[in-house]
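What follows is a short report on a single structure.
The values are calculated or read from the model by the stated rules, or taken from the named source; none is laboratory data. Here the structure is a predicted model, which is why all the values come from computation and not from measurement. With ideal geometry, Cβ positions are generated from the backbone for all residues, glycine too; neighbour counts draw on all protein chains shown.
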């Protein structure tokens with residue numbers, strides 16, 4: 001309605017990609033998936049069999065100890081999530097600042113990616129508890145019909161629109177081999193691309209800087225390491241590759257609307273909005 005287009009191209013990053021896949025499965029079950037022309041999943045897990053290092057924090061004992069409070073309307077503070085993720089890269093994200101700032105008295109240099117990384121959000125308790133149990137502990141998303149959302153059984157194999165799956169080789173939050181498993185779960189054409197660097201720096205890699213590299217291989221195998229051994233290495237950013245893929249699936253280019261919102265859905269506030277100014281505790 002707002003864009004004036006009958007179809008959209010959807011993109012999800014990390015947990016946003018997992019939620020997007022759930023939404024697409026719900027649309028498919030309701031026979032409404034035609035509104036999405038293509039999907040892009042960036043550093044996203046749909047198969048949680050191997051969650052990587054973050055798995056040390058996820059256990060049934062941990063969830064049992066907190067579930068009563070979480071389900072009663074409690075929330076998970078963004079600072080807790082930031083600390084957990086930082087502890088997975090202690091040299092870069094913890095001790096680097098202890099030594100440089102606390103011991104040597106140096107002011108940390110401004111770093112846009114780390115500023116963004118530290119801009120966490122609070123999570124609703126019930127959502128957090130459900131996500132840990134259904135995704136990380138029970139790995140139910142990959143099982144057709146194991147989850148019900150919006151009254152529909154979730155079956156990822158019913159997602160048939162073209163999908164671009166990107167993973168980062170050194171990602172400490174979403175291991176690239178786990179992200180690769182997405183290629184076995186969806187029902188449509190899937191392009192998998194592996195980029196250098198980590199969870200954020202690998203994704204946010206503007207082509208004009210001509211940094212890093214990425215790998216492509218149109219032949220998807222059951223073994224991610226076999227896929228990589230036969231993949232072609234490309235210097236620079238993966239963004240142009242994605243842009244070319246998107247151009248082939250996205251339909252006719254349209255002019256951007258001159259005004260935000262629509263007659264029914266008015267803009268809430270000038271950019272960047274009000275919620276981004278809220279501080280997590």
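Filtered by the rule that a residue be loosely packed, with under 10 Cβ neighbours inside 10 Å and within 28 Å of the chain's Cα centre (by Cα), the range 255-265 gives 255, 256. From the list 160, 182, the lone residue that is within 17 Å of residue 10 (Cα to Cα) and assigned to a helix (DSSP H, G or I) is 182. Among the residues of this structure, residue 226 does not count as one that is in a loop (DSSP other than H, G, I, E, B), at negative phi and either out of contact with any strand residue (DSSP E or B) (no Cβ under 7 Å at 6 or more places or on another chain) or buried (at least 16 other Cβ atoms within 10 Å of the Cβ) (or both).
A quick yes/no check of all residues on (1) in the same structural domain as residue 151 (by TED's automatic domain parsing); (2) surrounded by fewer than 21 Cβ atoms within 10 Å (Cβ to Cβ); (3) touching a strand residue (DSSP E or B) at 6+ places or on another chain (Cβ under 9 Å); (4) on the phi > 0 side of the Ramachandran plot:
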{"site": "14", "(1), (2), (3), (4)": "yes, yes, yes, yes"}
{"site": "24", "(1), (2), (3), (4)": "yes, no, yes, no"}
{"site": "28", "(1), (2), (3), (4)": "yes, no, yes, no"}
{"site": "40", "(1), (2), (3), (4)": "yes, no, yes, no"}
{"site": "44", "(1), (2), (3), (4)": "yes, no, yes, no"}
{"site": "62", "(1), (2), (3), (4)": "no, yes, no, no"}
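Being under 28 Å from residue 112 (Cβ atoms), under 13 Å from the mean Cα position of the chain (by Cα), in a loop (DSSP other than H, G, I, E, B) and in the same structural domain as residue 40 (by TED's automatic domain parsing) is a condition met by at least one residue of the range 203-210.
Each row is one residue, and each column tells you yes or no for (1) within 27 Å of residue 138 (Cβ to Cβ); (2) touching a residue at least 12 places away in the same chain (Cβ under 8 Å).
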{"position": "26", "(1), (2)": "yes, yes"}
{"position": "41", "(1), (2)": "yes, yes"}
{"position": "66", "(1), (2)": "yes, yes"}
{"position": "72", "(1), (2)": "yes, yes"}
{"position": "83", "(1), (2)": "yes, no"}
{"position": "92", "(1), (2)": "no, no"}
{"position": "120", "(1), (2)": "yes, yes"}
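Is there a residue being touching a strand residue (DSSP E or B) at 6+ places or on another chain (Cβ under 7 Å) and assigned to a loop (DSSP other than H, G, I, E, B) anywhere in the range 137-144? No, the range 137-144 has no match at all. Counting only helices (runs of 4 or more DSSP H) wholly contained in the range 27-131, the ones carrying 3 or more residues that are within 18 Å of residue 13 (Cα to Cα) occupy 78-87, 112-117, 125-131.
Looking at 156, 114, 103, 147, just one residue is farther than 17 Å from residue 17 by Cβ and surrounded by 13 or more Cβ atoms within 10 Å (Cβ to Cβ), and that residue is 114. Would the range 167-174 turn up any residue that is out of contact with any strand residue (DSSP E or B) (no Cβ under 9 Å at 6 or more places or on another chain), touching a residue at least 40 places away in the same chain (Cβ under 8 Å), in the same structural domain as residue 237 (by TED's automatic domain parsing) and in a helix (DSSP H, G or I)? Among the residues of the range 167-174, not one is out of contact with any strand residue (DSSP E or B) (no Cβ under 9 Å at 6 or more places or on another chain), touching a residue at least 40 places away in the same chain (Cβ under 8 Å), in the same structural domain as residue 237 (by TED's automatic domain parsing) and in a helix (DSSP H, G or I), which makes the answer no.
So in the range 163-176, with the set limited to residues that are surrounded by fewer than 20 Cβ atoms within 10 Å (Cβ to Cβ) and at pLDDT 95 or above, which one is farthest from residue 244 (Cα to Cα)? The residue in question is 170.
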